[in-house]
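Have a look at the structure below, then the notes.
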Amino acid sequence: MNDMTQHEEQDQKVPPYVSPTLQKLRVEDRPNPSTVCEGCPASLWYVTPDGLNNFCRVTRTMTWTKEEPQAILRCDGETLAQAERAAKLQEDAERKRENAGR
């Protein structure tokens, strides 16, 4: 099995990540144009009086501001963050199964 197949299988088992901050916003207040950062667990979305912002914990850069909205379409950081999230969810599920068997 190649890496892409493994990643696709993980995607099928793990529910998509949705930013709690973006969920609370009206659709018209969300990033436009859309960006891959919206579904990335490494994204830190926050709202200030000046508007919506995003800081990427992988690249350690601002990837979205009102003044500079960037439509990032693909990012290895998102792929890595999703893989880390899938591994963490799997570890948590295994730990729960172990504890239930005690």
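Data overview
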{"quantity": "Number of the exception - LEU25 against (1) loosely packed, with under 13 Cβ neighbours inside 10 Å; (2) in contact (Cβ under 8 Å) with a residue 12 or more places away in the chain; (3) part of a loop (DSSP other than H, G, I, E, B)", "calculated": "(1)"}
{"quantity": "Residue in region 74-88 that is within 17 Å of the chain's Cα centre (by Cα), in contact (Cβ under 8 Å) with a residue 40 or more places away in the chain and in a loop (DSSP other than H, G, I, E, B) present", "calculated": "no"}
{"quantity": "For ARG60: the one exception among (1) at positive phi; (2) touching a Pro at 6+ places or on another chain (Cβ under 7 Å); (3) basic (Lys, Arg)", "calculated": "(2)"}
{"quantity": "Top-ranked residue in region 42-70 [being in contact with a helix residue (DSSP H, G or I) (Cβ under 7 Å, 6 or more places away or on another chain), in a strand (DSSP E or B) and not β-branched (Val, Ile, Thr); ranked as nearest to ARG85 (Cα to Cα)]", "calculated": "SER43"}
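Read the figures in this text as sums done on the coordinates, not as results from a lab. Only a predicted model underlies this, so the values are computations on that prediction, with no experimental measurement involved. Note: ideal-geometry Cβ built from the backbone for every residue, glycine included; neighbour counts use all protein chains shown.
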